[in-house]
Amino acid sequence: MAIASDAFIPDLIQLSAMTQPTIESILQEDRVFSPPAEFSKTAHIGSFEAYQGLYDKANADPVAFWEELADKELDWFEKWDTVLDWQPPFVKWFEGGKLNISYNCLDRHLKTWRRNKAAIIWEGEPGDSRTLTYAQLHREVCQFANVLKGLGVKKGDVVGIYMPMIPEAAIAMLACARIGAPHTVVFGGFSAEALRDRLVDGKAKLVVTADGGFRKDKTIALKQEVDKALENDGAPTVENVLVVQRTKEDIHMDSRRDHWWHELQKDASADCPPEPMDSEDMLFILYTSGSTGKPKGVVHTTAGYNLYTHMTTKWIFDLKDDDVYWCTADVGWITGHSYIVYGPLSNGATSLMYEGVPRPSNPGCLWDIVEKYGVNIFYTAPTAIRALIKLGEHLPNARDLSSLRLLGTVGEPINPEAWMWYHRVIGKERCPIIDTWWQTETGGVMITPLPGATPTKPGSATLPFPGILADIVDLEGNPVDDTSGGYLVVKHPWPGMMRTVYGDPDRFRRTYWEHIPPKDGQYLYFAGDGAHKDKDGYFWVMGRVDDVISVAGHRLGTMEIESALVSHPAVAEAAVVGRPDEIKGEEIFAFITLEADVEPSDALKNELKQHVTGEIGAIARPGEIRFSDALPKTRSGKIMRRLLRSLASGQEVSGDTSTLEDRSVLDKLRSGA
Ligand code: WT7
């Protein structure tokens, strides 16, 4: 297998070679939009001065800043002894404290008028729907927590969740949190292979899944993938599988291992006191792609994550008691964890969940839902916006979108044209737009406008959240304040930051703390993004500088896809790069050399694409494959991806090619021979 060793730090992409958005296009952007006065009047943070005041206060004493908020905003069973214990790169927040995030998301609201407020409004793709009040959600969570306990799940046991976008996904997460069993949610679009890798790495004891889910007018067969992942003792730690009945399609149930959710749930007691968790007890593992090797298990813990998602949700989405809030992400990603489930529920908000996506049979479904439920806050991804632009203005124009008051984006840089469309066609030039930069690793949003306070510029995530000391530096850690751009770093620990890579603290250190050495004793968290600051100090994120590709906002490591390709017997060598794509941001482009006796053909290209789908999931399916009899390498044998990136995007190969071992390779690749 061609999985490269993780022991080295990969070369970073040269900032000058980054494709989107270019520094030139950023410097030309001079439109500025002030927060609408009406919005600012009632906003939590209602002026730029108020933001600056908070920012300066946090900057002057981050520990006091977070301590005050922890005290005011969360419920604790026991208060902490120490606020911050920073032994770089390992951090502990609120040590000695005891709390439970499911208590903060549920129980504490039951004592207030929110008891009968909608916690989750859910819309299924076929048009069925369900609303769970805080009291009802609490009951379901307690019952399911008892189901888990009944199957032997104890505090510290990891539970895999592989679900469609149905309320049971959130119920399962909260039930795990309630009994102290860390969850690891695996996106339902991942294949059995990818699921198995994650269950094995996390040593999951139980898997929660469904017979299937509805997506794009089809059903996705989830239980079948779980069966495949577990066959031949594929994930030996898994003892039980719980199955939600959703599609009612025929599935195989193994009586020794598989149980129907509804059968166990109906008899389970609704009495389940929340486990008092230590602040630093693990809340969940979420796997994300890196530039090398297998996906890493990003570990988040209880108190810091609860506080950080709570505060960011409150201030960035400017939540009001009667808001209907909708984040279109899937719970399989960090956005779903932080901004569908934990952040909104900790604030007592109404969080809308939708099972489906726009599709030919219903291209206007998102706007139907906005109209049907009177959605006030809408949070989605640039790739979705670009797809919606393609579908046409007539769709949103035919619906009543007047309930909307705030729009957000996340996942990748948003191009100014898409930003302007969102502003004009969806927000009717009345809703602030928050472009939120963050990562699985950061737990919550890091760089973002506060909608009542920060003037926005199309394409810029603007300024750091209070308490976040973000900066742009060169590889030595020196600040880069001119227009040339540099690497995005964070200089002070924050409560929501990841604690480690599950089972591999060394990888945590190498990936995030060694590209850029500590500067004057200060450790710099390396985010893996290239960025640029403008004259107002606004951040413009340009994209990944490592070998991570973002396809429709989903992060994929080139090496993972290459490993999947070379596991096919026809493939000798594979190199994968991203190519700019109008809607998806980037598309996967694979250069492949075949084994000596294999003939290239279109049929083989399709077979290889299918093979990657099977190994990882449809999101990793290459958009284009090019066969070649050699790949461009340096004399030491390193593949020169920079050249491949230029070739894939049809650009002239520029820059230094003197280290190329065999120059004729380039001509052959160009001609596609
Ligand atoms: C990477 C993190 C955080 C939830 C979704 C993705 C890119 C994210 C933005 C933004 C420019 C962005 C970065 C980052 N990214 N938000 N507003 N502007 N780029 O989470 O899968 O952990 O990916 O997404 O490249 O490093 P993720």
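The values are calculated or read from the model by the stated rules, or taken from the named source; none is laboratory data. As the structure is a prediction and not an experimental result, all values here were calculated from the model. Neighbour counts run over all protein chains shown; Cβ positions are idealised from the backbone, glycine included.
Would you mind stating whether Gly332 is out of contact with any Ser or Thr (no Cβ under 9 Å at 6 or more places or on another chain), farther than 13 Å from Gly411 by Cβ and within 12 Å of the ligand (Cβ to nearest atom)?
Details: out of contact with any Ser or Thr (no Cβ under 9 Å at 6 or more places or on another chain): yes; farther than 13 Å from Gly411 by Cβ: yes; within 12 Å of the ligand (Cβ to nearest atom): yes.
The answer is yes for Gly332.
The conditions are (1) within 15 Å of the ligand (Cβ to nearest atom); (2) within 26 Å of Arg198 (Cβ to Cβ); (3) part of a loop (DSSP other than H, G, I, E, B), and Glu441 fails exactly one of them. Which is it?
(3)
Counting only residues that are more than 18 Å from the chain's Cα centre (by Cα), give me the strands (runs of 3 or more DSSP E) lying completely in the range 478-566 with at least 3 of them.
Working: elements: 486-490, 525-533, 539-544, 548-551, 554-557.
Answer list for the range 478-566: 486-490, 525-533.
Take the range 412-421 and flag every residue that is within 13 Å of the ligand (Cβ to nearest atom) and either in a helix (DSSP H, G or I) or over 25 Å from Glu441 (Cβ atoms) (or both).
Looking only at the range 412-421, we keep the residues that are within 13 Å of the ligand (Cβ to nearest atom), and these are 412-416, 418-419.
Result: Pro416, Ala418, Trp419.
Give me the residue from the range 126-160 that is touching a His at 6+ places or on another chain (Cβ under 9 Å) and either under 19 Å from Asp281 (Cα atoms) or free of Cβ contacts under 8 Å to residues at least 24 places away in the same chain (or both) and, out of that set, surrounded by the fewest Cβ atoms within 10 Å (Cβ to Cβ).
The qualifying residue surrounded by the fewest Cβ atoms within 10 Å (Cβ to Cβ) is Val158.
How about the range 473-499: which of its residues are β-branched (Val, Ile, Thr) and crowded, with 23+ Cβ neighbours inside 10 Å? Walk me through how you get there before you give the answer.
Step one: list which residues in the range 473-499 are β-branched (Val, Ile, Thr), which gives 473, 480, 483, 489-490.
The one that is β-branched (Val, Ile, Thr) and crowded, with 23+ Cβ neighbours inside 10 Å: Val489.
Pairs only if they're at least six apart or on different chains, beta carbon under 9 angstrom, first in the range 232-249 and closer than 27 Å to Glu140 by Cβ, second of a type in the set (Phe, Trp, Tyr) and not in a helix (DSSP H, G or I); list them, first residue then second.
If the second residue must be of a type in the set (Phe, Trp, Tyr) and not in a helix (DSSP H, G or I), the pairs left are Leu242/Trp260; Val243/Trp260; Val244/Trp260; Gln245/Trp260; Arg246/Phe214; Thr247/Phe214.
Here is a list of conditions, (1) at pLDDT 95 or above; (2) over 24 Å from the mean Cα position of the chain (by Cα); (3) on the phi < 0 side of the Ramachandran plot, and Tyr379 meets all of them except one; can you say which number that is?
(2) is the only condition that Tyr379 fails.
Sort out which residues of the range 229-260 are assigned to a loop (DSSP other than H, G, I, E, B) and in contact with a Phe, Trp or Tyr (Cβ under 9 Å, 6 or more places away or on another chain), and write them in order of number.
Narrowing the range 229-260 to residues assigned to a loop (DSSP other than H, G, I, E, B): 234-239, 245-257.
Once the filter is applied, which keeps residues that are assigned to a loop (DSSP other than H, G, I, E, B) and in contact with a Phe, Trp or Tyr (Cβ under 9 Å, 6 or more places away or on another chain), the range 229-260 yields Gln245, Arg246, Thr247, Met253.
Among the listed residues Phe526, Phe508, identify the single one that is more than 10 Å from the ligand (Cβ to nearest atom) and under 19 Å from Ile472 (Cβ atoms).
Details: Phe508 fails: under 19 Å from Ile472 (Cβ atoms).
When all the criteria are applied, what remains is Phe526.
Regarding Glu586, is this residue surrounded by 23 or more Cβ atoms within 10 Å (Cβ to Cβ), acidic (Asp, Glu), touching a residue at least 24 places away in the same chain (Cβ under 8 Å) and in a helix (DSSP H, G or I)? Give the derivation first.
Details: surrounded by 23 or more Cβ atoms within 10 Å (Cβ to Cβ): yes; acidic (Asp, Glu): yes; touching a residue at least 24 places away in the same chain (Cβ under 8 Å): yes; in a helix (DSSP H, G or I): no.
The answer is no for Glu586.
Limited to the range 412-437, what total is found for residues that are touching a residue at least 60 places away in the same chain (Cβ under 8 Å) and crowded, with 23+ Cβ neighbours inside 10 Å?
6
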